[in-house]
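The values are calculated or read from the model by the stated rules, or taken from the named source; none is laboratory data. Nothing here was measured: the structure is a model prediction, and the numbers come from that model. FYI the Cβ positions are ideal-geometry reconstructions off the backbone, even for glycines, and counts take in every protein chain you see. Accessible surface areas use protein heavy atoms only, side chains included; no ligands, DNA or RNA. Shrake-Rupley method; radii C 1.70, N 1.55, O 1.52, S 1.80 Å.
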Amino acid sequence: MATAHGVGAGRVRTCRELSPGMDIEARVGGVWHFAGRVLEIHPSMGLFWAESAAGERRIIEFEEYEVHRRASDPAAA
C-alpha cells in the first residue's frame, strides 16, 4: 500500500529515507512506543522530530528506536 509520499510501510534505517510529512511508528524491541508525522530531519545527528495526531512532539533517535513507515489509510486521504 502506498502512502502520500508513494512509499509503502516498512522499516526505515536512516534519516535519509525520511521526508517531512511522512507517517512513522517508533518501536523498541518490536514494541510500539510512538506514532506520528515527521516534522524535521537531522541526518548528521541520526534523529528527527515527529508529531503525533494528539499534538505531542517527540525526538526520535535511530540509536534508541526502530523506525517504520506507516501506510496511510486511503479513506483519510
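Taking θ as phi - 60° and the Karplus parameters 6.51, -1.76 and 1.60, the scalar couplings of the range 58-65 work out to 9, 8, 10, 10, 5, 5, 9, 10 Hz in sequence order, x denoting glycine and proline. In this simple spin-label model, placing a label point 7 Å from the Cα along the Cα-to-Cβ direction at both Ala53 and Ala35 gives a separation of 0.7 nm. Per-atom-type breakdown for the range 8-49 gives carbon and sulfur 54% of the accessible area (1.4 Å probe, protein chains only).
Give me the net charge of Ile60's neighbourhood, meaning all other residues with Cβ under 14 Å from the Cβ of Ile60; Lys, Arg count +1, Asp, Glu -1. Net charge around Ile60: -2.
What the phi angles of the range 28-43 give under the Karplus curve with 6.51, -1.76 and 1.60, with θ = phi - 60°, is a coupling list of 10, x, x, 9, 4, 10, 6, 9, x, 10, 5, 9, 10, 10, 10, x Hz, glycine and proline written as x. The base-10 log of I(q)/I(0) for the range 19-64, evaluated at q = 0.13 Å⁻¹, reads -0.25 [Debye formula, identical scatterers on Cα atoms, solvent excluded].
Electrostatic bookkeeping for Val12 treats Lys and Arg as +1 and Asp and Glu as -1; over the other residues with beta carbon under 12 Å from its beta carbon, the sum is +2.
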